[in-house]
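The values are calculated or read from the model by the stated rules, or taken from the named source; none is laboratory data. Please read these numbers as outputs of a predicted model, since none were measured by experiment. Cβ placement follows ideal geometry from the backbone for every residue including glycine, while neighbour counts extend to all protein chains displayed.
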Amino acid sequence: MTTITTIRTLVRRDLKDEDSANYRWVDAEIDRAVDKAVLEYSEYCPLQVRSTLATVDSDNTVDISTLTDRIDILRVEHPVIGQPYQSHRFSVWADVLTFLDGYYGDAGNCYVYWLKKHSIGASSSTVPAAHEHIIALGAAAFAISSQAEYSVNTANTGGRTVNKDYSFWAKATFTQFYAALDRIKSYNPKKLKTGGLVPEE
């Protein structure tokens, strides 16, 4: 199972930073880089979730504040009795979803299909195991980039061009990371229409 410990090990391997007695990046820095990589990954391959939320009788709004780490909402179905379920057009502002076209709730439930940021924790992860290496690659890129910025303003023993070396390394790693994301992406916000997702071409 993918955990932050698993990913951290992969990142250190990519960074050639596996000497535990002399780490160049401390765990907190690696974990921060992993979180940045997960956020970027989520913009390309978000977690798909269906949640059941209550509507309000004679009200066209639905409280979606419980949908945390939300990237987008794709579809809303109401009512959820009988099939096929009816999808409705909607708009979203902050934590409120509003039915359009004069549609109102009836105090029954609705299904909200939405996209969520992935997470990697101490004992669980929503990132598919097959994509671990992509997260690790992205985290390495962010860690290297951070080190490049840090080395610009501090004395170091890596030579006068160390910041440029880090910058070139970071750029090359970011190029690999985003190329990998482009190959696996399942979401394109430019093709999203209100109340529905247009499939990838």
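Below, the figures for the structure above:
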item	result
Count of the range 87-114 residues which are more than 25 Å from the chain's Cα centre (by Cα), without any contact (Cβ under 8 Å) to a residue 40 or more places away in the chain and more than 14 Å from D59 (Cβ to Cβ)	1
Unique match (being over 23 Å from N188 (Cα atoms) and acidic (D, E)) among D72, D101, D95	D101
Residues being in contact (Cβ under 8 Å) with a residue 60 or more places away in the chain, of a type in the set (V, I, T), surrounded by fewer than 20 Cβ atoms within 10 Å (Cβ to Cβ) and over 30 Å from Y113 (Cβ atoms) - total across the range 1-49	1
Checking Y23 against (1) of a type outside the set (A, V, I, L, M); (2) more than 23 Å from the chain's Cα centre (by Cα); (3) not in a loop (DSSP other than H, G, I, E, B), the condition it does not meet	(3)
Number of positions in the range 102-127 that are loosely packed, with under 13 Cβ neighbours inside 10 Å and closer than 18 Å to D35 by Cα	4
Criterion violated by L67 - all others in (1) in the same structural domain as G138 (by TED's automatic domain parsing); (2) under 21 Å from the mean Cα position of the chain (by Cα) satisfied	(1)
Residue in the range 87-124 that is nearest to P46 (Cα to Cα), counting only those that are among the hydroxyl-bearing types (S, T, Y) and assigned to a strand (DSSP E or B)	Y113
The range 120-145 residues that are free of Cβ contacts under 8 Å to residues at least 60 places away in the same chain and assigned by TED's automatic domain parsing to the domain that holds V11, paired with ones that are in a helix (DSSP H, G or I) and buried (at least 19 other Cβ atoms within 10 Å of the Cβ) (beta carbon under 8 Å, 6 or more apart)	S145/Y166; S145/A170
Any hit, the range 52-61, residues being on the phi > 0 side of the Ramachandran plot and not charged (D, E, K, R)	yes
Flag for P84 being in a loop (DSSP other than H, G, I, E, B), touching a residue at least 12 places away in the same chain (Cβ under 8 Å) and not hydrophobic (A, V, I, L, M, F, W, C)	no
